[in-house]
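In what follows, a structure is listed as structure tokens, so that the remarks can point back to it.
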Amino acid sequence: MAMSSSTIVSTLPDAGAVSVRTVERVLREGCPLLNVESPPGAGKTALVEALLVSAVGVAGLRAAVIAPHAEQTYGLLRRVVSHYGPLPLALLQSAQRELPPDLLDDQRIPRPVSEPRRLPGVGPLALVATADKLLFESAVPELGKFDLLICDEAYQLTYSKLAPLLRLTKQTVLVGDPGQLPTLVTIPVHRFETAPHRVHWAAPRELKRCLPDLPTERLPVTRRLPQDTVAFIQQPFYPNLPFSSAVYGEDCRLQFAVRGNNSVIDRALDLIAAGCSIVCLLLPGENAPAGIVDYELSEVAAEVIARFLARQPIWQGRMPLDANHVGYADAHVASGEQTAQMLRSRGVPTDKTQVLTPEIWQGLERPFMAVKHPLSGLNRLSTFDLEPGRFCVMLTRHQLGCVIVGRESIGERLAQHQHTCGERPFGAENSEWAGWQAHYVLWERLREEARLIKLSNTYY
Amino acid sequence: MGADFDLLSGRLWSRRLGRALPIRSTYSVTPDPPETFGIAFIRVAGEERVQAVACGLIGTRPSVITIYNPLARGAHELAPFARTLDEYLTGYYSREQLPRIWLAHPAAVTVLDLLGYRYQSNRHASDELRMMGQQCRALCEEATFPGQQVLAVASTLLMEHIITGQSAVEDQHLGALLAWINPLKGCDPAIESQRRSLIPAAALLDQARDKQVERLRRLARKCTSSSELESTNSQIRALLEEGVAQEWSLLEEARAAFWQLGLAPAPLRYTSRLMEESRERLRYFVSVGTKPPSRPHSLALRLDTYEYMAALVEERDACCDALVRERMRKAGRVIAVRVESVEQPTPGRNPCRLILTTDQAVLRVRPGTWLKSVDGRIQGWIVALAEGAGGKRRIVFRLLKGVRKGRPRVGQQFDMIDTVTFDLRWRKRAVYKLMRQDEPSVVYHNRLPQSLPRHELPNGLLDLAEGKSWR
């Protein structure tokens, strides 16, 4: 059953203290390189904002903030201008790229510049850019040097992109979530796995490997996930980052205006309303279709979402929930599309209830999520399937509850999995083993806590 | 259905028809030059030492080299191989052309690579052998680059182009694979393939010959007279020659089978860049060496090059190969679109937006994804993606290339692909050069620089920052 979060919250380490300490370490003590590790929904971007404003607005420094994707830089800009007073902001981006309409209309957002020579040469500056753009412009002398480089979502950035930027700055702060998906590299990386510098790794991961004493701060709480979820995901996905939930139990209560029909799906939804924030619905493993598209599972997922909406959910003390507050995550585009079609056939608008892959769900949140277990229906578990970051992203998007749909055979497959340690280059880290461990620990935990609910093929 | 299902149904269909089926409509390598070199090896089982080599121009009688005692330290027997290889490669360098070397299977690549490692900087070896080592390493290093056009490994190429009615593991045996490509009349290729798979196709002698050679070698060690030794050695030579001749004919058969697939060559506009890159790299590796990159800047540049080459290959396949394109469409990476409207305030000028619709179920695109038409005439990126009426998707597309002449008309339908390549390595090189010059201590020396405290800052920095907050 769900754990009481009120007692945990009262004994939480002070999350604000970490932010204060981070700002002090960077700005007053002049720490040259600081790694800030954060669980999902811990307020990473709020910390980046506060650090940027303290550095530029108070200390009068020249600072650059980079993020892997343009959308992330826009999100940061939106937040900075809406939360803080005027700052000497600049946005460096390609001339071919357009600002989103809301930023174009906002007078507080500076017009983007595409060349460093158009940037203010002296004085405090808060430069916002994608990592790629800053990297390409870093050979231009007019860009100058920075007092501080802040890298948001640093775990999505390869070391090959960050390393050349370190010459531009006296201090660097990396802020990121170590449990998320690894950086995207489009080629087989076994040749780089044993190199002296793992340029394809996420920048903070490689820096931690090279500098075991790398100064690190850890954000101790999540403001998104209920404590019940944290109890499931912390150990498998964040073994080196202890954290708790800062959400009080009464702040994450779900209620349904319409009573359940006593079906298995409704009983699962009632469990979520009772505070069990993660529930797994399992179809029989026998005769599961081969391949990534599983029609029966897609039907279950669509039915879960349709029933959730049909029962008129209410986030207690906040708002009634609708299709905009629900999401579906699937590791495969084709399989997700199948579910989307089934959602539409049940009258659920998929422009509101978004069906996305974990790669796109990163950074987003919804009160209620349904996810397809990435190991469902697989006969052999590959390194790709076992990647823990993918499942971690899927299980950390919800604020109230998450229903996993899968096949009963998952536990059997995990138990039978033959680990091919001989396939990895000598000296390389064993990511497949780490992935298997994460999946196994989570599955066992779900089983022990009676969160695995079996469905028959004729469940509705 | 997913790619796995397609692969499985392809194998079932091939099994039913009793022959291999093509899975590409174009060749992934450019046509062989007039003079194509081939190398076949016989190695010692479990030792990876060469005991016989057949090499030369394909279509001619190869030079055969046999080594009586492959475990001995001397390697003078390899000198003719070194000369032949050098003559071939030097001829091509001097003509500024791209050589082509065929090997039968990945096992031969491993042997070639080990020869390279053994001799490229071996002080006890002759200059000729050191050069051979360097050339072998250069060829194997080049083989690691996606889309390279120098080293053609027959079994790998065949598996890229066809699907058979047996499992992928069984396909690894070149002889078994060929049984499906050139099926014998009246013979089930599955049975023929199983029969052939009992004969090694991995640069090894068959068991009977291997045992005989081992026995003769033991005998040779005990020979007391030179005539007796000569006779034993000639028996060894004959057995090795038979073995390597078998490997050579396997190579020739596989190469012929490959070109007889009758696929179209990829247009030169998509392959010329791959060829040029291959030629330049090979020249660099042979002249400078193939020391693996180990410093941050060289590793980063190598990673960029691999990624760029992989993108070029993908672009070529998406644009030229209809079968590959269909697989990409199923994965949502090729999209059939219809132009619904064009928003261009000033005709022929930027900005220009296209409103596109597609009824394709699977799309692997999102706002910000670059797309181009298959003919490359229009290019741009997705501004927004929304659901339209009747299950269609509506794409707001910012047109960047093709704003004037190539601009599509309303109602026009075409395919768009998500492989848009940009060669930005020259800019990255400049960036890495500066990094190398500045040598940041964190990157090059695993050492943190000194802290730079700012004691003059007021207390309560975060509070002061919060003071600037509107909240």
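Do we have A:THR186 as in contact (Cβ under 8 Å) with a residue 40 or more places away in the chain, within 22 Å of A:GLU432 (Cα to Cα) and among the hydroxyl-bearing types (Ser, Thr, Tyr) here?
no
Scan the range A:308-330 and tell me whether some residue there is among the hydroxyl-bearing types (Ser, Thr, Tyr), under 28 Å from A:ALA42 (Cα atoms) and at pLDDT 95 or above.
Yes: the range A:308-330 contains one or more residues that are among the hydroxyl-bearing types (Ser, Thr, Tyr), under 28 Å from A:ALA42 (Cα atoms) and at pLDDT 95 or above.
Go over the candidates B:ASP423, B:ASP375 one by one and state the one that is under 30 Å from B:ARG295 (Cα atoms), among the charged types (D, E, K, R) and part of a loop (DSSP other than H, G, I, E, B).
Selected residue: B:ASP423, the only one of B:ASP423, B:ASP375 that is under 30 Å from B:ARG295 (Cα atoms), among the charged types (D, E, K, R) and part of a loop (DSSP other than H, G, I, E, B).
Return the total of residues in the range A:15-63 being more than 7 Å from chain B (Cβ to nearest Cβ) and free of Cβ contacts under 8 Å to residues at least 60 places away in the same chain.
4
Is it the case that some residue within the range A:105-113 is at pLDDT below 90, closer than 30 Å to A:PHE237 by Cα and more than 12 Å from every other protein chain (Cβ to nearest Cβ)?
Checked against the condition, which is being at pLDDT below 90, closer than 30 Å to A:PHE237 by Cα and more than 12 Å from every other protein chain (Cβ to nearest Cβ), the range A:105-113 yields no hits at all.
Hey, among A:LEU165, A:LEU149, which residue is in a strand (DSSP E or B) and either of a type in the set (Phe, Trp, Tyr) or outside the structural domain of A:CYS392 (by TED's automatic domain parsing) (or both)?
A:LEU149
Among A:SER277, A:SER245, which is touching a helix residue (DSSP H, G or I) at 6+ places or on another chain (Cβ under 6 Å), buried (at least 16 other Cβ atoms within 10 Å of the Cβ), in the same structural domain as A:THR353 (by TED's automatic domain parsing) and modelled with pLDDT under 95?
Going through A:SER277, A:SER245 in turn, the sole match is A:SER277.
Among residues belonging to the range B:337-364 that are of a type in the set (A, V, I, L, M) and touching a helix residue (DSSP H, G or I) at 6+ places or on another chain (Cβ under 7 Å), point out the one that is surrounded by the most Cβ atoms within 10 Å (Cβ to Cβ).
Selected residue: B:VAL362.
With respect to B:LYS428, determine if the residue is loosely packed, with under 14 Cβ neighbours inside 10 Å, of a type outside the set (Gly, Ala, Ser) and either under 28 Å from the mean Cα position of the chain (by Cα) or more than 8 Å from chain A (Cβ to nearest Cβ) (or both).
no
Condition first: surrounded by fewer than 23 Cβ atoms within 10 Å (Cβ to Cβ) and assigned to a loop (DSSP other than H, G, I, E, B). Now tell me which residues in the range A:376-400 satisfy that.
A:LEU378, A:ASN379, A:ARG380, A:LEU381, A:SER382, A:GLU387
If A:ARG111 satisfies every condition in (1) in a helix (DSSP H, G or I); (2) among the basic types (Lys, Arg); (3) without any contact (Cβ under 8 Å) to a residue 24 or more places away in the chain but one, which is the exception?
Of everything listed in (1) in a helix (DSSP H, G or I); (2) among the basic types (Lys, Arg); (3) without any contact (Cβ under 8 Å) to a residue 24 or more places away in the chain, A:ARG111 misses just condition (1).
In this structure, does B:SER373 turn out to be buried (at least 18 other Cβ atoms within 10 Å of the Cβ), away from chain A (no Cβ under 14 Å) and either of a type in the set (S, T, N, Q) or at positive phi (or both)?
So B:SER373 fits the description; yes.
Yes or no: the range A:338-357 includes at least one residue that is among the polar types (S, T, N, Q), buried (at least 20 other Cβ atoms within 10 Å of the Cβ), over 18 Å from the mean Cα position of the chain (by Cα) and within 20 Å of A:ALA290 (Cβ to Cβ).
The answer is yes, given that some residue of the range A:338-357 is among the polar types (S, T, N, Q), buried (at least 20 other Cβ atoms within 10 Å of the Cβ), over 18 Å from the mean Cα position of the chain (by Cα) and within 20 Å of A:ALA290 (Cβ to Cβ).
Would the range A:54-67 turn up any residue that is surrounded by fewer than 18 Cβ atoms within 10 Å (Cβ to Cβ) and more than 27 Å from A:GLU359 (Cα to Cα)?
yes
Could you list, in sequence order, all residues of the range A:417-435 that are more than 30 Å from A:ALA302 (Cβ to Cβ) and either at pLDDT 90 or above or of a type in the set (Phe, Trp, Tyr) (or both)?
Residues satisfying the conditions are A:PHE426, A:TRP433.
In the range B:393-402, what count of residues is obtained for those that are more than 12 Å from chain A (Cβ to nearest Cβ) and either surrounded by fewer than 19 Cβ atoms within 10 Å (Cβ to Cβ) or of a type in the set (A, V, I, L, M) (or both)?
Qualifying residue count for the region: 1.
Would you mention how many residues in the range A:152-162 are assigned to a helix (DSSP H, G or I) and of a type in the set (A, V, I, L, M, F, W, C)?
2
Assess whether A:ILE360 counts as being modelled with pLDDT of 95 or more, within 22 Å of the chain's Cα centre (by Cα) and of a type in the set (Val, Ile, Thr).
So A:ILE360 fails the test.
Taking the conditions exactly as written (assigned by TED's automatic domain parsing to the domain that holds A:ALA331, charged (D, E, K, R), at pLDDT 90 or above and within 21 Å of A:THR353 (Cβ to Cβ)), does A:ASP270 satisfy them or not?
yes
Which residues, taken from the range A:202-239, are buried (at least 21 other Cβ atoms within 10 Å of the Cβ), within 17 Å of A:GLY176 (Cβ to Cβ) and among the polar types (S, T, N, Q)?
A:THR222
Mind checking whether some residue in the range A:134-151 is in contact with a strand residue (DSSP E or B) (Cβ under 9 Å, 6 or more places away or on another chain), among the acidic types (Asp, Glu) and more than 12 Å from chain B (Cβ to nearest Cβ)?
no
Matching residues to (1) in the same structural domain as A:VAL128 (by TED's automatic domain parsing); (2) within 18 Å of the chain's Cα centre (by Cα); (3) in a helix (DSSP H, G or I):
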| residue | (1), (2), (3) |
| --- | --- |
| A:ARG25 | yes, no, yes |
| A:LEU47 | yes, yes, yes |
| A:LEU52 | yes, no, yes |
| A:TYR74 | yes, yes, yes |
| A:SER82 | yes, no, yes |
| A:LEU99 | yes, no, no |
| A:GLN107 | yes, no, no |
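Could you pull out the residue among B:ALA179, B:ALA168, B:ALA201 that is touching a His at 6+ places or on another chain (Cβ under 6 Å) and either at pLDDT 95 or above or of a type in the set (Gly, Ala, Ser) (or both)?
B:ALA201
Which is more than 14 Å from the chain's Cα centre (by Cα), in a helix (DSSP H, G or I) and not polar (S, T, N, Q), of B:ARG279, B:ARG316?
After applying the criteria, what remains is B:ARG279.
Mind checking whether some residue in the range B:282-292 is at the interface with chain A (Cβ under 8 Å from one of its Cβ atoms), out of contact with any Phe, Trp or Tyr (no Cβ under 8 Å at 6 or more places or on another chain) and surrounded by fewer than 20 Cβ atoms within 10 Å (Cβ to Cβ)?
Yes.
Does any residue in the range A:430-458 that is assigned by TED's automatic domain parsing to the domain that holds A:LEU414 come within less than 6 Å, Cβ to Cβ, of a residue that is of a type in the set (Val, Ile, Thr) and at pLDDT below 90 six or more places away or on a different chain, and which pairs are these?
Partner pairs satisfying both residue conditions: A:GLU432/A:THR383.
Search the range B:437-447 for residues being in contact with a helix residue (DSSP H, G or I) (Cβ under 7 Å, 6 or more places away or on another chain) and surrounded by fewer than 16 Cβ atoms within 10 Å (Cβ to Cβ), and hand back the single one that is nearest to A:LEU61 (Cα to Cα).
My answer is B:ASP438.
The values are calculated or read from the model by the stated rules, or taken from the named source; none is laboratory data. Just so you know, these numbers come straight off a predicted model, no measurement behind them. Counting neighbours? That spans all protein chains shown, and the Cβs are built from the backbone with ideal geometry, glycine included.
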